[in-house]
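One structure is given here, and the rest of the page talks about it.
The values are calculated or read from the model by the stated rules, or taken from the named source; none is laboratory data. Just so it is clear, the structure is predicted and the values come from calculations on it, not from any experiment. Cβ atoms come from the backbone with ideal geometry, glycine included; neighbour counts cover every protein chain shown. To get the accessible areas, we keep the full protein, side chains included, count just its heavy atoms, and leave off ligands, DNA and RNA. Shrake-Rupley method; radii C 1.70, N 1.55, O 1.52, S 1.80 Å.
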Amino acid sequence: MGIELRAAVVSREAASRRRPPARRRFGEAGTAWAYILPACVVILGLGILPMAWSLILSLQRSDLIAPAEWVGLQNYDLLSHDPAFRAAVGHTLIYTALFVPLSIVGGLGLALLLNRKIRFIGVYRTLVFVPFVISATAQGVLFSFIFDSHFGLANAVLHWFDIPPQGFFADKNQALYLLVLIGLWSGVGFCVVVYLAGLQDIQSDLVEAAALDGAGRWATFRYVVWPALRPITVFLVVWETLQALQVFDLVFVTTRGGPLESTTVVVFYVWQQAFEFFNAGYAAAAAYVLAFGLLLLSIGVRFARRRDHEVVSRP
């Protein structure tokens, strides 16, 4: 037995001596870096470098064609006094304030209804989720035909009920709220799927124990189901908020910021400044204002989650 052990040690030492010098020098860390280096290059080339270039661009007056002129913080100062930018921020906040709570509440309600063992439940769940996988561009084209103020299907249906035709996307008082409705048509499906996963992860023993103790549906939801869904709700609130603050393609396909700039949101405003008015430096400054707002939101959510975790873990 001792002879075999000694032979194994000798063979291991010989193998280590035959190992290439680079492998002995760097070991497993070098191999790991060799695997992740392509991903690091992609992140650096498509993420960090464009962000740095945009930051420099936001401090210049540039149309991406002529030589840029350094203006410092002048673009940010102009933004603070630009009524069109303030209007775009207001439209974005209105869209977010309506879209996020309605998508969360709607997704939770539908998830509770679909968390049952009934016939064709798989079909119902699929139908709810299908709008989410449809691209926003396709949604915009579809609903542009449906809500066309002259030849759309929606006004045809209203005519059957003797209701006057509506302007929809041509009405500045309706267009933004109609975009919220279209966003909910697709956004609720994602919330439903995430909530369904959370509901199916709840142990049935807890629900049955609550029922044996005499708890009704509301008490069971409040004291058993909702505590389990709170982390999921926090995630969905953050996710839906980020999606709402960056809405663009739906606006681009349907209204292009109209009518009378009533649906111009921040990201569309950035695109318009950069690629319609060729004011790239000003657009980069507006984009960084939005990025700074998203950063503050992420920091706030992080602190809120940490405080909530401290309260829950406190004896």
Checklist outcome for this item: Those residues of segment 258-270 which are open to solvent by less than 20 Å² (accessible area, probe 1.4 Å) and either at pLDDT below 90 or among the aromatic types (Phe, Trp, Tyr) (or both) amount to Gly258, Phe268, Tyr269
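Check whether at least one residue in segment 126-142 is touching a Lys or Arg at 6+ places or on another chain (Cβ under 8 Å), in contact (Cβ under 8 Å) with a residue 40 or more places away in the chain and not small (Gly, Ala, Ser), and report yes or no.
no
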Checklist entry - Can you name the condition, by its number, that Gly281 falls short on among (1) closer than 28 Å to Phe143 by Cβ; (2) at pLDDT 90 or above; (3) open to solvent by less than 30 Å² (accessible area, probe 1.4 Å)? => result (1)
Checklist entry - Counting only residues that are touching a strand residue (DSSP E or B) at 6+ places or on another chain (Cβ under 9 Å) and buried (at least 20 other Cβ atoms within 10 Å of the Cβ), which one in segment 60-91 is farthest from Gly293 (Cα to Cα)? => result Ser62
Checklist entry - Which residues, counting only those in segment 240-256, are open to solvent by less than 20 Å² (accessible area, probe 1.4 Å), assigned to a helix (DSSP H, G or I) and under 16 Å from Leu176 (Cβ atoms)? => result Ala244, Leu250, Val251
Checklist entry - Quick one: would you say Gln272 is touching a Gly at 6+ places or on another chain (Cβ under 9 Å) and closer than 26 Å to Ile146 by Cβ? => result yes
Checklist outcome for this item: Filtering segment 194-238 for residues that are more than 31 Å from the chain's Cα centre (by Cα) and of a type in the set (Lys, Arg) leaves a count of 1
Checklist outcome for this item: Note on segment 116-155: residues open to solvent by 70 Å² or more (accessible area, probe 1.4 Å) and in a loop (DSSP other than H, G, I, E, B) are Arg116, Lys117, Ile118, Arg119, Phe120, His150, Phe151
Next on the checklist: If I filter segment 39-53 for residues that are open to solvent by less than 50 Å² (accessible area, probe 1.4 Å), under 28 Å from Phe252 (Cβ atoms), touching a strand residue (DSSP E or B) at 6+ places or on another chain (Cβ under 9 Å) and among the small types (Gly, Ala, Ser), do I get at least one hit?
Outcome noted: no
Checklist entry - Restricted to segment 193-233, and to residues that are of a type in the set (S, T, N, Q) and open to solvent by 80 Å² or more (accessible area, probe 1.4 Å), which residue is nearest to Val301 (Cα to Cα)? => result Gln200
Checklist entry - Does segment 184-192 contain any residue that is surrounded by fewer than 19 Cβ atoms within 10 Å (Cβ to Cβ), in contact with a helix residue (DSSP H, G or I) (Cβ under 9 Å, 6 or more places away or on another chain) and closer than 21 Å to Gly140 by Cα? => result yes
Checklist outcome for this item: Per the filter on segment 263-306, residues assigned to a helix (DSSP H, G or I) and of a type in the set (Phe, Trp, Tyr) are Phe268, Tyr269, Trp271, Phe275, Tyr282, Tyr288, Phe292, Phe303
Checklist entry - Looking at this structure, is Ile94 open to solvent by 30 Å² or more (accessible area, probe 1.4 Å), in a loop (DSSP other than H, G, I, E, B), among the hydrophobic types (A, V, I, L, M, F, W, C) and out of contact with any Ser or Thr (no Cβ under 8 Å at 6 or more places or on another chain)? => result no
Checklist entry - Does Leu113 qualify as being over 23 Å from Phe221 (Cα atoms) and part of a helix (DSSP H, G or I)? => result no
Checklist outcome for this item: For segment 66-89, pairs from a residue that is without any contact (Cβ under 8 Å) to a residue 24 or more places away in the chain to a residue that is surrounded by 11 or more Cβ atoms within 10 Å (Cβ to Cβ), with Cβ under 6 Å and 6 or more apart or across chains, are Glu69/Arg61; Trp70/Gln60; Gly72/Leu59
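A quick yes/no check of all residues on (1) touching a residue at least 12 places away in the same chain (Cβ under 8 Å); (2) under 24 Å from Asp77 (Cβ atoms); (3) touching a strand residue (DSSP E or B) at 6+ places or on another chain (Cβ under 9 Å):
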| residue | (1), (2), (3) |
| --- | --- |
| Leu212 | no, no, no |
| Ala215 | no, no, no |
| Thr220 | yes, no, no |
| Val253 | yes, no, no |
| Gly258 | yes, no, no |
| Ser262 | yes, no, no |
| Val265 | yes, yes, no |
| Ala280 | yes, yes, yes |
| Ile299 | no, no, no |
